Amino acid sequence: MQPALRYHRAGRRPPLRILVVTARPPWPPRRGDQARAAGLIETLVGRHRIRVLALRPPGFACAPAPPAVGVDTISTGWGAHLGALAMHPRIPIQVAMHRVARLEREARRAVEDFAPEVVLVVLSRLGGLIDRLDGVPVVLDLVDSLALNLENRARRQPL
């Protein structure tokens, strides 16, 4: 019996291969985007195959991922960020800082090697990857509205 048919008859769906791309490793979850990504991954890992691709900022100490989650981190020095800013002067700094050529190469390699059925991209600043993922369906998790966040901060802290 074909695997998909076996899962269908049992009332379950076959596990998906999900590639998660984040601006920083989810573990330890120090910030909201990390906590959200970690929670999503920990919820999905029992039913699906998960691979995480994350930028690792300078000085960031990673904590271990849950068992059965493959994690690849791309170490980025400040030079990579400054180079990206220089190459993309007309886009927001948060987006330009995350346009790292090595991340794009590794994301394409992960698509080829892991063959995900869906890619979860966490944060709008990584949205530039969507066009480079060879047509794989993408879920872009914006996490929260940066505009609302900044508006609320401006009310509390005018400077």
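The values are calculated or read from the model by the stated rules, or taken from the named source; none is laboratory data. This structure is a prediction, so every number in the text was calculated from the model and none was measured. For neighbour counting, all protein chains shown are included, and Cβ atoms are generated from backbone atoms with ideal geometry for every residue, glycine included.
A few remarks follow.
- So PRO92, is it of a type outside the set (Asp, Glu), at negative phi and modelled with pLDDT of 85 or more: no
- Extreme residue, farthest from the chain's Cα centre (by Cα), among residues of the range 99-136 that are in a loop (DSSP other than H, G, I, E, B) and aliphatic (A, V, I, L, M): ALA115
- The range 137-157, subset at negative phi and either touching a helix residue (DSSP H, G or I) at 6+ places or on another chain (Cβ under 6 Å) or part of a strand (DSSP E or B) (or both), residue modelled with the lowest pLDDT: LEU142
- Meets criteria (of a type outside the set (A, V, I, L, M) and at pLDDT 95 or above) for HIS81: no
- Count of the range 11-28 residues, restricted to those that are on the phi < 0 side of the Ramachandran plot and surrounded by fewer than 17 Cβ atoms within 10 Å (Cβ to Cβ), is 7.
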